[in-house]
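One structure below.
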Amino acid sequence: MSARSAGAAATVRLDVNGAEHEVSAAADTPLLYVLRNQLGLKAAHFGCGSGECGACRVLIDGQAVASCDTPLWAALGKRITTAEGLGDAAHPHPLQSALIAEQAGQCGYCLPGILVSAAALLARKPQPAESDVRAALEQNLCRCGSHNRIVRAVLRAAQAVSRR
Amino acid sequence: MNLAYRLAAGGAGDLPRLPGSLHLNRRLSQWLRFLPDGTIEVRSGKVEIGQGITTALAQIAAEELDVPIARIRMLPASTAASPNEGVTSGSLSTQESGSALRYACAEARAIYLEAAAARLGLPAASLTVVDGEIVAAGGARSSYAELADDALLEREARANVPPKESSQHRIVGTALARLDLPHKVYGEPRFVHDLELPGMLHARVLRPPSPAATLASLDETAARALPGVVAVVRDGSFVGVLAGHEEIAVKALTALQQGAVWHEAETLPDASALGDWLKAQPAETTIVDERGVSSAAGAAHTHRARYTRPYLAHASIAPSCALGQWHDGHLHVWSHSQGIYNLRADLALALALPPENIVVEHVEGAGCYGHNGADDAALDAALLARAAAGRPVRLQWSRADELSWAPFGPAMAVEIEADLDAAGAILAWRHELWSNGHSSRPGRAKTPALLAASQLGQAFERPLAINPPLAAGGGAERNAIPGYALPAWRIVNHRLLAMPLRTSALRSLGAFTNVFAIESFVDELAAGRGEDPLALRLRLLSDPRARAVLEAAAKRANWAAWEKREGRGHGIGIARYKGAGAWCAVVAEIEAGRDIRVERLVIAVDVGLAINPDGVANQIEGGAIQATSWTLKEQVRFDRTRITSDGWEHYPILRFSEVPRVEVEILPQPRQPSLGAGEAAQGPTAAAIANAVFDALGVRVRDLPITAERIVATVN
Ligand code: FES
Ligand code: FES
């Protein structure tokens, strides 16, 4: 499958949240739709479809990227992690626990994309300053005004990880 | 149309008055149901729009029933079963739904105590409820679960069982964690956008390129030729496409865009002169309020100023979405609407169906700050699902749809004049405003207010935006009556009778602009007298709760000890939302560099009894950050034909690096009735920022947003 064979659907294997999945879609299909509609992973959300809001962010080989703007072919052979893959109620990621502890969020639509950006930051810089957190979340929009609670949550998660 | 609106419009006849929404939804079984497994199902007609209402209402129910919150199951609102509570708007949900639930649950508890008393052969007065167990002093027990019987609540509420005193509250008044947040943090499917039904098709609508455009011709060939396209629907200027896969629907939409020829017309105002345009339109003029004699006689000086704000977009983080499915002439719709019954009424009009044939079920959307595209998307989904042969259809708006087709918060112009005596005291005050109506909500006109209804071949005339009655808080005139003790005033509202851009309710309606204007003007008067703006306000305010929030905010911000430094300023603003809701005062501290940067907002609020104090703080903080974004950055952009701010690049909102620190102090008022918090901070925040800009630069910016260019233009 290549960028050129964009039109026709083909079956390919995708590495998502630590497991191999078979999906069938055209090579130019945005990764977001594949994750949501074929794999039933609804954490990555549609917000703009043009890489401007961060609602659809996922980790690809550890980098936070917009899945709405990433064609399927560009994700092949790479490790994809969505917010579901970071943790769940039984095994929450420190960032997820911290968001709950800080009650960071109102509608929460922006949160999975923000989690992904923050996870990439903490992997790169385990003890970020507040300004690092704000810079790392600069491409994530939140319309509800939950920003400050989210920033506190990321700093709290960094502390929790360092205490382990 | 929330309950307050319906009551203002004439309510439930001669029936005895019951608290909140209980008045119009009088059967107890409409509100709650006890299950044999110990769970209690609670229904509200108010819906979660990101404000945390579900958690607050669950707290109220758990409190009155004496059960742990985990036993309460809040059911989604649906026209098939829920109480009709109008619209979730106006910061009225804790007042309307909360008080109904308090009384309904207190009464239900008493009914179950009676049932237990009969079973145990003991007087009801000897029984208490502990965690859902009904216990007698002697050790005899029963429980809600054991007694669960739907017939017990099949009766009219009488509201004759007093709810708990605030001193007895154990759950209400505590900062309980949001019930919905864990699901959202783990990325579980939760939003209407995430709903997936068997056999579901994906749909997109081809919206015209400009508000007045009509479809001249459409070449559907390329779209239809795409493998996987199920149908192309065209009805007048309404066009949509259905496909098995979402990406195919998107491709087909692009093909349709290329195949469409539109008639367009220059119908939009000159965006650079909105104030003049607003004043020049035909309008319906009403006197909002008048007191004393507001003539200039005896005045040594009259101070005048005009303030404006542009059209604002809701700019929800999620474009609107809805699902629709037809079955035997019956329609089922899943929507993030704020008012499921009103939506149903307009769907019935647009589709020529009896309302009984339609079920509207609420599923959460992203944060909603007023009348956005949710209802419109529901009609789109219903229209497109007609071509789906019984399969469910998921319709998703694009970002451009959301930013250019959801109703806008109306542009406004406000002119204030004050007659002053030689000592600078205010003799009379005049406030005149020009604006489109602030509500185009569905469910109240003879023709449907839904977007697609005006684009169909058999088009319905789009109703003109109106203002909710003043008794329900008003629309454009909301907060136009000053909260100050002034000897005379005259408040005039001009509602525009032309509506080139569709306008409707945006968080706080006219209050944002009116408070911005009034509180800026008061600052101008203070500057004219060389008086401290806080001192002047305290002199003019007699309402003790208003004074209390003002003093609390000033104290916390250390107003008196502010050190003036080059390029920095502080400012203050205050209002009581709607003149009847929560009191809120804001101190803003800003730095004027290349742009205005708000560094800190210190806010004090009085919301009466705070059901969930952290929820209140969260809403106030979120509202203040959003208001900062409106004040500094936001305006719908357009040329004479088209909306041009159809992406985030052209409709920027405040980002993480630009967000101020926010401190919220909630004044404790456990004995006062609860008041909504969602909108109280909007106007005071804008005013505080504008006043801080003046403090920093000596420049009075009266036209929002306060951008660097605006400041330069004002200086010149
Ligand atoms: S939806 Fe992908 S960045 Fe907005
Ligand atoms: S919490 Fe609603 S957009 Fe961030």
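The values are calculated or read from the model by the stated rules, or taken from the named source; none is laboratory data. The structure displayed is predicted, hence computed values, not measured ones. Ideal geometry is used to build each Cβ from the backbone, glycine not excepted, and the neighbour counts take in all protein chains shown.
So which of A:ARG57, A:ARG79 is in contact (Cβ under 8 Å) with a residue 12 or more places away in the chain, more than 11 Å from ligand 1 (Cβ to nearest atom) and either among the β-branched types (Val, Ile, Thr) or not assigned by TED's automatic domain parsing to the domain that holds A:VAL133 (or both)?
One residue alone meets the criteria, A:ARG79.
Taking region B:229-275 on its own, how many of its residues are of a type in the set (Ser, Thr, Tyr), in contact (Cβ under 8 Å) with a residue 60 or more places away in the chain and farther than 20 Å from B:SER398 by Cα?
1
Which ranges mark the strands (runs of 3 or more DSSP E) fully within region B:384-487 that have 2 or more residues being acidic (Asp, Glu) and in contact (Cβ under 8 Å) with a residue 24 or more places away in the chain?
Hits in region B:384-487: B:412-420.
Evaluate the following for B:PRO660: is it in contact with a Cys (Cβ under 6 Å, 6 or more places away or on another chain) and more than 16 Å from ligand 1 (Cβ to nearest atom)?
When the stated conditions are applied, B:PRO660 does not pass them.
Answer yes or no: is there a residue in region A:18-32 that is more than 18 Å from A:SER117 (Cα to Cα), out of contact with any Gly (no Cβ under 9 Å at 6 or more places or on another chain), outside any loop (DSSP other than H, G, I, E, B) and facing chain B (nearest Cβ under 9 Å).
Within region A:18-32, one or more residues are more than 18 Å from A:SER117 (Cα to Cα), out of contact with any Gly (no Cβ under 9 Å at 6 or more places or on another chain), outside any loop (DSSP other than H, G, I, E, B) and facing chain B (nearest Cβ under 9 Å).
When the residues of region A:103-131 are narrowed to those that are away from ligand 1 (no atom under 15 Å from the Cβ) and in a helix (DSSP H, G or I), which ends up surrounded by the most Cβ atoms within 10 Å (Cβ to Cβ)?
So the residue we want is A:ALA118.
Run down A:LEU95, A:LEU115, A:LEU99, A:LEU122 and say which single residue is within 16 Å of B:ARG178 (Cα to Cα), touching a helix residue (DSSP H, G or I) at 6+ places or on another chain (Cβ under 9 Å) and not β-branched (Val, Ile, Thr).
Being within 16 Å of B:ARG178 (Cα to Cα), touching a helix residue (DSSP H, G or I) at 6+ places or on another chain (Cβ under 9 Å) and not β-branched (Val, Ile, Thr) holds for just one of A:LEU95, A:LEU115, A:LEU99, A:LEU122, which is A:LEU99.
What pairs come out if I take residues in region B:44-72 that are within 14 Å of chain A (Cβ to nearest Cβ) and more than 15 Å from B:SER143 (Cα to Cα) and pair them with residues that are of a type in the set (S, T, N, Q) and surrounded by fewer than 24 Cβ atoms within 10 Å (Cβ to Cβ) whose C-beta lies under 6 Å away, six or more apart or interchain?
Note: pairs meeting the criteria are B:GLU48/B:THR54.
If we keep just the residues of region A:132-148 that are buried (at least 24 other Cβ atoms within 10 Å of the Cβ) and not aliphatic (A, V, I, L, M), which is nearest to ligand 1 (Cβ to nearest atom)?
A:ASN140
Being within 28 Å of B:GLY424 (Cβ to Cβ), out of contact with any Phe, Trp or Tyr (no Cβ under 6 Å at 6 or more places or on another chain) and surrounded by fewer than 24 Cβ atoms within 10 Å (Cβ to Cβ) is true for just one of B:ALA575, B:ALA552. Which residue is that?
The conditions single out B:ALA552.
Do you know which residues across region A:37-51 are in contact with a strand residue (DSSP E or B) (Cβ under 8 Å, 6 or more places away or on another chain) and near ligand 1 (Cβ under 6 Å from one of its atoms)?
The answer is A:PHE46, A:GLY49, A:GLY51.
Scan B:ASN618, B:ASN612 and give me the residue that is surrounded by 24 or more Cβ atoms within 10 Å (Cβ to Cβ), within 9 Å of chain A (Cβ to nearest Cβ) and away from ligand 1 (no atom under 16 Å from the Cβ).
Exactly one residue qualifies, and that residue is B:ASN618.
Residue check: is B:ALA305 in contact with a helix residue (DSSP H, G or I) (Cβ under 8 Å, 6 or more places away or on another chain) and within 16 Å of ligand 2 (Cβ to nearest atom)?
It is false that B:ALA305 is in contact with a helix residue (DSSP H, G or I) (Cβ under 8 Å, 6 or more places away or on another chain) and within 16 Å of ligand 2 (Cβ to nearest atom).
On the given criteria, is B:ALA108 more than 14 Å from chain A (Cβ to nearest Cβ), buried (at least 24 other Cβ atoms within 10 Å of the Cβ) and farther than 30 Å from A:CYS144 by Cα?
yes
Considering each residue of region B:311-339, count those that are under 16 Å from the mean Cα position of the chain (by Cα) and at positive phi, and give that number.
1
Results for (1) assigned to a loop (DSSP other than H, G, I, E, B); (2) at positive phi, shown as yes or no for each residue.
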residue	(1), (2)
B:HIS494	no, no
B:LEU509	yes, yes
B:PHE512	no, no
B:VAL515	no, no
B:GLU519	no, no
B:GLU531	yes, no
B:ARG537	no, no
B:ALA548	no, no
B:LYS564	yes, no
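Looking at region B:398-414 only, could you name the residues that are more than 10 Å from chain A (Cβ to nearest Cβ) and within 16 Å of ligand 2 (Cβ to nearest atom)?
Within region B:398-414, just B:ALA406 meets the criteria.
Being free of Cβ contacts under 8 Å to residues at least 60 places away in the same chain and in a loop (DSSP other than H, G, I, E, B) is the filter here; which residues of region B:28-43 pass it?
B:THR39
Test A:LEU137 against the stated conditions and say whether it is away from ligand 2 (no atom under 16 Å from the Cβ) and touching a Ser or Thr at 6+ places or on another chain (Cβ under 7 Å).
So A:LEU137 does not fit the description; no.
Could you tell me whether B:LEU278 is within 25 Å of B:GLY647 (Cα to Cα), in a helix (DSSP H, G or I) and touching a residue at least 60 places away in the same chain (Cβ under 8 Å)?
Considered against the rule, which asks whether it is within 25 Å of B:GLY647 (Cα to Cα), in a helix (DSSP H, G or I) and touching a residue at least 60 places away in the same chain (Cβ under 8 Å), B:LEU278 comes out as no.
Could you list, in sequence order, all residues of region A:33-50 that are within 11 Å of chain B (Cβ to nearest Cβ) and part of a loop (DSSP other than H, G, I, E, B)?
Within region A:33-50, A:GLY40, A:LEU41, A:LYS42, A:ALA43, A:ALA44, A:HIS45, A:PHE46, A:GLY47, A:CYS48, A:GLY49, A:SER50 meet the criteria.
Scan the helices (runs of 4 or more DSSP H) fully inside region A:51-102 and keep the ones with 2 or more residues being at the interface with another protein chain (Cβ under 9 Å from one of its Cβ atoms).
A:83-86, A:94-101
Please find, within region A:4-17, the residue that is farthest from ligand 2 (Cβ to nearest atom) out of those that are hydrophobic (A, V, I, L, M, F, W, C) and more than 11 Å from every other protein chain (Cβ to nearest Cβ).
Step by step, filter region A:4-17, then rank; the result is A:ALA10.
Of the residues A:GLY40, A:GLY85, only one is within 12 Å of the chain's Cα centre (by Cα), surrounded by fewer than 24 Cβ atoms within 10 Å (Cβ to Cβ), away from ligand 2 (no atom under 16 Å from the Cβ) and within 15 Å of B:GLY187 (Cα to Cα); which?
One residue alone meets the criteria, A:GLY85.
Can you tell me which residues in region B:14-34 are crowded, with 20+ Cβ neighbours inside 10 Å and either among the aliphatic types (A, V, I, L, M) or outside the structural domain of B:ILE72 (by TED's automatic domain parsing) (or both)?
Those that are crowded, with 20+ Cβ neighbours inside 10 Å and either among the aliphatic types (A, V, I, L, M) or outside the structural domain of B:ILE72 (by TED's automatic domain parsing) (or both): B:LEU18, B:LEU22, B:LEU24, B:LEU28, B:LEU32.
Please specify each residue of region B:633-675 satisfying the condition of being of a type in the set (D, E, K, R) and touching a residue at least 40 places away in the same chain (Cβ under 8 Å).
B:LYS633, B:GLU634, B:ARG637, B:ASP639, B:ARG640, B:ARG642, B:ASP646, B:GLU658, B:ARG661, B:GLU663, B:GLU665, B:ARG671
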